[in-house]
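Novice: Got a structure here, written out as structure tokens. Questions coming.
All of the numbers you see were taken from the coordinates with simple rules; none came from a lab. Everything numeric in this text was worked out from a predicted model, so none of it was measured. Note that each Cβ is placed from the backbone with ideal geometry, even for glycine, and that neighbours are counted across all protein chains shown.
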Amino acid sequence: MKIKALNLHELNLLNQKRYAVTAWLYDLLDYPWERQYRKWRPGLVGDMSGEVLEAGIGTGRNLKYYQPGVNLTAVDFSPAMLRRASKRCNEASCTVRFVHEDACRMESVPSDHYDWLVSFFLCCVLPDELQDQAIAEFARVLKPGGRFRLLEMKYSDIPQLRKRQDRFARFVEKVYGARFDRRTLAHVQSNPDLIVTGIRYVKHDTYQLIEGVRKK
């Protein structure tokens, strides 16, 4: 798979370097959590249709759950992650186009084009300073009336779960660049072009699903 250079935001440079290494062990490291995630994936992407953009495709774990009629644009800023995702193409029933782009600067992705935008655990990786920029890009690429679905991790208000997250926090940030204290929901709610239509948790109060629509 040929990967061209991209205009990466300077605040994402550290994360791109991190994933050049993490990509090789990503599926192995993520396996304890993937045993849970794979139960959620069919319900989170299986109802999508038309033009779909997945921001932060990672190693392509969602690919086999999209419906055959989907035209999927799979975006990631890490060449190493994209190469691993491309090896899962044979699992996909949908059409897939891989795009090497920074989610904060999706320069080759057209505006007003997508029926759906989905992202799993992307915003919790982005530096706080880039949250608004990425979400503005999500709004730009969606059609008026297009829908979005974001799954993110956050700190729990349950003391026992919070202690467990605190034990893993340094590892999660060092390996994945992710943090539990991102304020993704607040950033989405502050975007003038997006409407949040639903907020729920797929497990406890830590895995937050944010759903919504671009204004018409």
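Novice: Taking segment 10-20 as the search range and keeping residues that are out of contact with any helix residue (DSSP H, G or I) (no Cβ under 6 Å at 6 or more places or on another chain) and in contact (Cβ under 8 Å) with a residue 40 or more places away in the chain, which one is farthest from Val70 (Cα to Cα)?
Specialist: Going through segment 10-20, the residues out of contact with any helix residue (DSSP H, G or I) (no Cβ under 6 Å at 6 or more places or on another chain) turn out to be 10, 12-18.
The next check asks that each one be in contact (Cβ under 8 Å) with a residue 40 or more places away in the chain; those that pass are 12, 14-16, 18.
Numbers: Asn12: 29, Leu14: 33, Asn15: 29, Gln16: 28, Arg18: 31 Å.
The selected residue is Leu14.
Novice: Next question. Could you check segment 196-216 and list, in sequence order, the residues that are in contact with a Leu (Cβ under 9 Å, 6 or more places away or on another chain), assigned to a strand (DSSP E or B) and of a type outside the set (D, E, K, R)?
Specialist: Val196, Gly198, Ile199, Tyr201, Val202, Tyr207, Gln208, Leu209, Ile210, Gly212, Val213
Novice: Confirm whether Arg84 is among the basic types (Lys, Arg) and out of contact with any helix residue (DSSP H, G or I) (no Cβ under 8 Å at 6 or more places or on another chain). Before the answer, list the steps.
Specialist: Working: among the basic types (Lys, Arg): yes; out of contact with any helix residue (DSSP H, G or I) (no Cβ under 8 Å at 6 or more places or on another chain): no.
When the stated conditions are applied, Arg84 does not pass them.
Novice: Taking segment 142-169 only, how many residues are free of Cβ contacts under 8 Å to residues at least 60 places away in the same chain and among the aromatic types (Phe, Trp, Tyr)? Break it down into steps so the answer makes sense when it comes.
Specialist: First pass over segment 142-169, keeping only residues free of Cβ contacts under 8 Å to residues at least 60 places away in the same chain: 152-169.
Filter once more, keeping what is among the aromatic types (Phe, Trp, Tyr): 155, 168.
Going through segment 142-169 one residue at a time, the tally reaches 2.
Novice: Next question, about the same structure. Can you tell me how many residues in segment 104-131 are out of contact with any Leu (no Cβ under 9 Å at 6 or more places or on another chain) and buried (at least 18 other Cβ atoms within 10 Å of the Cβ)?
Specialist: Here the count works out to 3.
Novice: Quick one: which residue in Arg88, Arg35 is among the basic types (Lys, Arg), touching a Ser or Thr at 6+ places or on another chain (Cβ under 9 Å) and over 29 Å from Glu129 (Cα atoms)? Break it down into steps so the answer makes sense when it comes.
Specialist: On the way: Arg35 fails: touching a Ser or Thr at 6+ places or on another chain (Cβ under 9 Å).
Selected residue: Arg88, the only one of Arg88, Arg35 that is among the basic types (Lys, Arg), touching a Ser or Thr at 6+ places or on another chain (Cβ under 9 Å) and over 29 Å from Glu129 (Cα atoms).
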